[in-house]
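The values are calculated or read from the model by the stated rules, or taken from the named source; none is laboratory data. What you see is a predicted model, and the numbers here were worked out from it, not measured in a lab. No Cβ is skipped: glycine too gets one built from the backbone with ideal geometry, and neighbour counts run over all protein chains shown. Side chains included, ligands, DNA and RNA excluded: accessible areas come from the protein's heavy atoms. Shrake-Rupley method; radii C 1.70, N 1.55, O 1.52, S 1.80 Å.
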Amino acid sequence: MNRVMRRAKILLILILVLLGGTLFFLGEYVMKSSQWVHAPGSPHLYNAGNIGCGTITDRDKNLLLDLTGGRTYAANELLRSSTMHWLGDRQGNISAPALAHYAQQIAGFDPLNGVYAYGGTGGQVKLTLSAKLQMAALDAMGSHRGTLAIYNYQTGEILCAVTTPTYDPENVPDISADQTDAYQGVYLNRFTQAAYTPGSIYKIVTAAAALEAVPGIEDQEFVCEGKLEYGIDVVTCMEEHGVQTFKDAFKNSCNCAFAKISEQIGGKRLAWYAHQFGLLDALQFDGITTAKGLIDCEDRADVLVAWSAIGQHKDLVNPASFLAFVGAVSNNGVLKTPYLVDSIQVGIKTTYRVADDQNPDKRIMSTATAQKLQEMMRNNVENYYGDENFAGFTVCAKSGTAEVGGDKKPNAMFTGFVLDEEYPLAFIVAIEEGGYGRPTCVPILEKVLQVCKEALS
C-alpha cells in the first residue's frame with residue numbers, strides 16, 4: 001500500500017511538472033511568439049537578410065516588389081533601380097530596415113492563426129514614395145553620385161528619395177571587378193546614412209540662429225572686401241560684395257558677412273541652435289536611424305567658428321535631417337518627421353497605419369523666424385536663381401558649394417521648398433564632387449519638379 005502511495009505521489013509530481021511546463025510554454029508563446037516569428041533571421045519571414053513575404057506598392061498602388069514565393073521586382077528597370085535602396089536586393093547586400101521594422105504587421109501574425117493568416121501571402125505595404133518621381137529623379141541624377149529627396153513638409157510623407165549610384169537588382173553588375181569607381185559606395189543609402197559637408201546651405205542655420213539670438217540683425221549692414229583676416233588666418237569670399245544688408249548677404253552667400261554674424265552669435269550658441277534644429281542627433285523613423293550631424297565650434301577660435309557658420313570646418317549634415325529642418329522653415333517653424341510607410345493591409349485587416357501620435361509635430365523655431373527665412377530664401381530665387389528654373393512653382397531656396405579637401409571638386413548642394421498651398425514640398429539635392437551648387441543642382445531639380453504636378457495630382 002505504501003509503495004502504491006509513493007508511486008502515486010511521484011506520478012502526481014510528474015503531472016504537475018508537465019502541467020507547469022505546459023502553462024509556462026503557453027505563457028511564453030502568448031507573450032513572445034510574435035517576437036520569435038519576426039526576429040531577424042527568422043526563416044518564416046526572411047530571405048537573405050531581407051523580409052520575404054508580402055507585396056510593396058508606391059503611394060498610387062503601383063507594384064514595386066512582390067515577395068510571394070521569392071522576390072519579383074517591378075517590370076520597369078528604371079523603377080527597380082530607383083527603389084532598390086528602400087526595398088533591398090536578393091543577396092542582402094542592401095537592407096530594407098523599414099520593411100523589417102514592420103515584419104509582424106506584414107506577416108499578419110497572430111497567436112491563433114500563425115503567420116499569413118489571410119491568404120498565405122502576407123500583407124500589402126503601401127509606401128509614401130511616388131514611382132513617377134523616383135524614376136524622374138534617378139534619370140535626372142544621371143551619372144552623379146549623391147541623393148535627391150522631396151517630402152511633404154505638412155504631413156511628413158517622403159515622396160521621392162533616390163540614392164546614386166545604384167543598380168538593377170534583376171541584373172546585378174560585377175561590382176567587385178569594376179575599375180571605374182562607377183559603383184563607389186553603392187551599398188550606402190545616402191539619404192539616410194551619409195553625412196556631408198554642407199557648404200553654404202548651412203547659412204540657413206546660421207541665419208536662423210542670428211534671427212533668434214541677435215537683436216536688430218536685420219537692420220545691420222556688412223562690408224565685404226573679399227576677405228576677412230583673423231590674425232594669420234583669413235576667411236575668403238568669391239568676390240567683393242561691398243556694403244550689404246543681412247538679406248543681401250544671405251542672397252550673395254557672403255562668407256565675410258556670415259563670419260561677422262558668427263562673432264555675434266558665438267560658438268556655443270551656434271552649436272546650441274544646431275542641436276535645437278535637429279541637425280546633430282540621429283533622426284528616427286520607420287525603424288531607420290539616420291547618420292548624425294556634426295558642428296565643432298564650441299570653445300574654438302573665432303576663425304573656426306566663422307568657418308562653421310559658413311558650413312565648412314568640420315560641419316557635417318545628414319540629408320534626411322537637413323530636409324526635415326528646411327521643411328520646418330517652410331512649415332512656419334514646425335518640424336514634421338519624414339516617414340516612408342503609409343499603411344499595411346493584410347486581407348481585410350489594416351495591421352498598420354501611420355498616426356499623428358507616431359509622427360508628432362515639433363516646433364524648432366519661432367513662426368516669425370521661419371517666415372523671415374521664407375522671405376529671404378524666396379528673395380534668393382527671385383533675384384538670383386531665377387523663377388524660370390522651377391516649373392512654375394513658388395520656390396524658396398539656398399545653394400551650397402562645399403569644399404571637401406584634397407584635389408576633389410566641391411560637393412554641390414541645393415535645398416529649399418515650395419510655398420504653393422497645393423504643393424507643400426521641401427527638397428534637397430546633394431551631388432558629390434559636383435562643383436558649384438546652383439549650376440549643377442538646379443537643372444537636376446527642375447526635371448523632377450516638372451513631374452511633381454503630374455505625379456501628385
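Counting only residues that are among the β-branched types (Val, Ile, Thr), open to solvent by 10 Å² or more (accessible area, probe 1.4 Å) and touching a strand residue (DSSP E or B) at 6+ places or on another chain (Cβ under 7 Å), how many does region 180-210 have?
Summing the residues that are among the β-branched types (Val, Ile, Thr), open to solvent by 10 Å² or more (accessible area, probe 1.4 Å) and touching a strand residue (DSSP E or B) at 6+ places or on another chain (Cβ under 7 Å) in region 180-210 gives 1.
Can we say Tyr384 is surrounded by fewer than 20 Cβ atoms within 10 Å (Cβ to Cβ) and among the aromatic types (Phe, Trp, Tyr)?
Answer is yes for this residue.
Could you say which residue among Glu432, Glu421 is touching a Gly at 6+ places or on another chain (Cβ under 9 Å), open to solvent by 30 Å² or more (accessible area, probe 1.4 Å), under 23 Å from Ile158 (Cβ atoms) and not basic (Lys, Arg)?
Glu432
Say we look at region 247-286 and pick out the residues that are among the aromatic types (Phe, Trp, Tyr) and over 20 Å from Thr401 (Cα atoms); which of these is most open to solvent (accessible area, probe 1.4 Å)?
Trp272
Got a sec? Which of Leu228, Leu211, Leu188 is touching a residue at least 24 places away in the same chain (Cβ under 8 Å), over 19 Å from Leu78 (Cα atoms) and not in a helix (DSSP H, G or I)?
Sole residue among the options that is touching a residue at least 24 places away in the same chain (Cβ under 8 Å), over 19 Å from Leu78 (Cα atoms) and not in a helix (DSSP H, G or I): Leu228.
Look at Met413 and say whether it is part of a loop (DSSP other than H, G, I, E, B), within 21 Å of the chain's Cα centre (by Cα), at pLDDT 90 or above and crowded, with 17+ Cβ neighbours inside 10 Å.
Judged against the criteria, Met413 is not a match.
Which residue pairs have Cβ atoms under 8 Å apart, sit 6 or more places apart or on different chains, and have a first residue in region 241-264 that is closer than 22 Å to Gln374 by Cα and β-branched (Val, Ile, Thr) and a second that is at pLDDT 95 or above and assigned to a loop (DSSP other than H, G, I, E, B)?
Here the result reads Thr245/Gln220; Ile261/Val214, each pair linking region 241-264 to a residue that is at pLDDT 95 or above and assigned to a loop (DSSP other than H, G, I, E, B).
Consider Lys408 against the criteria (1) open to solvent by 40 Å² or more (accessible area, probe 1.4 Å); (2) part of a helix (DSSP H, G or I): it satisfies all of them except one. Which criterion is unmet?
Only one criterion in (1) open to solvent by 40 Å² or more (accessible area, probe 1.4 Å); (2) part of a helix (DSSP H, G or I) is unmet by Lys408, namely (2).
Please tell me if Thr440 is part of a strand (DSSP E or B) and either more than 19 Å from Pro319 (Cα to Cα) or polar (S, T, N, Q) (or both).
no
When you scan region 331-339, do you find a residue that is among the hydroxyl-bearing types (Ser, Thr, Tyr), touching a residue at least 12 places away in the same chain (Cβ under 8 Å), surrounded by fewer than 19 Cβ atoms within 10 Å (Cβ to Cβ) and in a strand (DSSP E or B), even just one?
The answer is no, given that none of the residues of region 331-339 is among the hydroxyl-bearing types (Ser, Thr, Tyr), touching a residue at least 12 places away in the same chain (Cβ under 8 Å), surrounded by fewer than 19 Cβ atoms within 10 Å (Cβ to Cβ) and in a strand (DSSP E or B).
Could you tell me whether Thr166 is touching a Leu at 6+ places or on another chain (Cβ under 8 Å), in a loop (DSSP other than H, G, I, E, B) and either open to solvent by less than 70 Å² (accessible area, probe 1.4 Å) or modelled with pLDDT of 95 or more (or both)?
So Thr166 fits the description; yes.
Would you tally the residues in region 127-152 being among the hydrophobic types (A, V, I, L, M, F, W, C) and under 14 Å from the mean Cα position of the chain (by Cα)?
Going through region 127-152 one residue at a time, the tally reaches 4.
Consider only pairs whose beta carbons are under 8 Å apart and that are at least six residues apart or on different chains; among these, list those whose first residue lies in region 67-95 and is without any contact (Cβ under 8 Å) to a residue 12 or more places away in the chain and whose second residue is open to solvent by 30 Å² or more (accessible area, probe 1.4 Å) and acidic (Asp, Glu).
That search, which allows pairs on different chains as well, returns Thr72/Asp66.
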